[in-house]
Amino acid sequence: MRAEILRFLALLEDAPSDEAARLDKLATALDDLASAIHTLPDGEVADGWENEPKPPKVDYNELSKRAARSFPELGYYPWADPVGPIGEIPMTSDAIEDLADIAKDLSEAMWVWDNVGEAPAEWDLHFGYRTHWGEHLHNLRAYLHAVITKL
């Protein structure tokens, strides 16, 4: 899982210049993250977690700027709750926000991995996947699939 996280985060620093290659690498990185989380051990909350060091604040605005620079072709897209009522008016989602949210959660989990331990990081990754970054990943991946098929 570490390798998949690092590959994803690297795309916000150095994405390919060619649009098709850039989007393909992002799609692959998201697929790899989704696959890896399902083989990652469950982990466990650190003993005495309330006394454990907390990750430093990740600059969300900076992550958003990096995502926008790396993936300028991505933007807003319609989204509807897949278990909501049929005919519900779609909401608007933002691919750049998705990228920044995923990057923030994964960056914090990597800090936990490096500074607290592997098992707490695994637990954090699973919890975040179920409650936050997983939803961003899958919504973004569906949008990205549509964008790529129109190239």
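The values are calculated or read from the model by the stated rules, or taken from the named source; none is laboratory data. Source: prediction; values computed, not measured. Neighbour counts are summed over all protein chains in view; Cβ atoms, including those assigned to glycine, are modelled from backbone coordinates with ideal geometry. These area figures cover heavy atoms from the full protein model, side chains too; ligands, DNA and RNA do not enter into them. Shrake-Rupley method; radii C 1.70, N 1.55, O 1.52, S 1.80 Å.
Return yes when Thr149 is under 19 Å from Thr28 (Cα atoms), over 19 Å from the mean Cα position of the chain (by Cα) and surrounded by fewer than 12 Cβ atoms within 10 Å (Cβ to Cβ) and no when it is not.
Answer is yes for this residue.
In the stretch 67-83, is there at least one residue being over 20 Å from Glu97 (Cα atoms) and among the hydrophobic types (A, V, I, L, M, F, W, C)?
Yes, that holds for at least one residue.
Condition first: open to solvent by less than 30 Å² (accessible area, probe 1.4 Å) and part of a loop (DSSP other than H, G, I, E, B). Now tell me which residues in the stretch 79-106 satisfy that.
Residue satisfying the conditions is Gly84 alone.
Among Glu44, Glu52, Glu135, which is the only one that is open to solvent by 20 Å² or more (accessible area, probe 1.4 Å) and closer than 27 Å to Lys25 by Cα?
Of Glu44, Glu52, Glu135, the one residue that is open to solvent by 20 Å² or more (accessible area, probe 1.4 Å) and closer than 27 Å to Lys25 by Cα is Glu135.
Within the stretch 34-56, take every residue that is over 16 Å from Gly128 (Cα atoms) and assigned to a loop (DSSP other than H, G, I, E, B) and give me the one that is modelled with the lowest pLDDT.
Gly48
Could you give me the residue pairs with C-beta distances under 7 Å whose first residue belongs to the stretch 113-139 and is over 19 Å from Leu9 (Cβ atoms), whose second residue is open to solvent by less than 30 Å² (accessible area, probe 1.4 Å) and of a type in the set (Val, Ile, Thr) wherever it lies, and which are 6+ apart or on separate chains?
Final answer for the pair search is Pro120/Val112.
On the basis of being buried (at least 21 other Cβ atoms within 10 Å of the Cβ), under 10 Å from the mean Cα position of the chain (by Cα) and part of a helix (DSSP H, G or I), does Ala109 make the cut?
Spelling it out, it is not the case that Ala109 is buried (at least 21 other Cβ atoms within 10 Å of the Cβ), under 10 Å from the mean Cα position of the chain (by Cα) and part of a helix (DSSP H, G or I).
Write out, first by first residue and then by second, each pair whose Cβ atoms fall under 7 Å of each other, whose residues are 6+ apart or on separate chains, and whose first residue, in the stretch 45-69, is polar (S, T, N, Q) while the second is in a loop (DSSP other than H, G, I, E, B) and modelled with pLDDT under 75.
none
Leu74 - would you say it is open to solvent by less than 80 Å² (accessible area, probe 1.4 Å) and assigned to a helix (DSSP H, G or I)?
no
Is it true that Ala29 is surrounded by 12 or more Cβ atoms within 10 Å (Cβ to Cβ), assigned to a loop (DSSP other than H, G, I, E, B) and of a type outside the set (Asp, Glu)?
Here the answer is no, as Ala29 does not meet what is asked.
Working only within the stretch 82-112, note down all residues that are of a type in the set (D, E, K, R) and in contact (Cβ under 8 Å) with a residue 24 or more places away in the chain.
Answer for the stretch 82-112, where residues must be of a type in the set (D, E, K, R) and in contact (Cβ under 8 Å) with a residue 24 or more places away in the chain: Glu97, Asp98, Asp101, Lys104, Asp105, Glu108.
Identify all residues within the stretch 57-71 that are farther than 17 Å from Ile5 by Cβ, open to solvent by 50 Å² or more (accessible area, probe 1.4 Å) and of a type outside the set (Asp, Glu); write none if there are none.
Lys57, Tyr60, Asn61, Lys65, Arg69, listed by residue number.
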